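Accompanying notes for the structure given below.
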Amino acid sequence: MKQEDCRRLERKQNGMQVILEFPRKSEREEEIKREVKGILSAILQEDLIKNREKETAHEWE
């Protein structure tokens, strides 16, 4: 992605560097936001289910 076509966020911490590039404006911005929310929601649900299963297993011990 060209430098002028995106916003760039750089972070350095503990010897690691992360660089994120975001498009300035996307025609699909709302669609992308919905997709990201869906992905994050699915990850959260999976994590909650795993934690619930672990708690239930400990109750039976």
- Query: Which of the residues spanning segment 7-61 are of a type in the set (A, V, I, L, M, F, W, C) and in a strand (DSSP E or B)?
  - Reply: Leu9, Met16, Val18, Ile19, Leu20, Phe22
- Of those in segment 17-51 that are open to solvent by 100 Å² or more (accessible area, probe 1.4 Å) and modelled with pLDDT under 90, the residue nearest to the chain's Cα centre (by Cα) is Glu30
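The values are calculated or read from the model by the stated rules, or taken from the named source; none is laboratory data. Model, not experiment: these values are computed from the prediction. We work out accessible area using only protein heavy atoms, side chains counted, and drop any ligands, DNA or RNA first. Shrake-Rupley method; radii C 1.70, N 1.55, O 1.52, S 1.80 Å.
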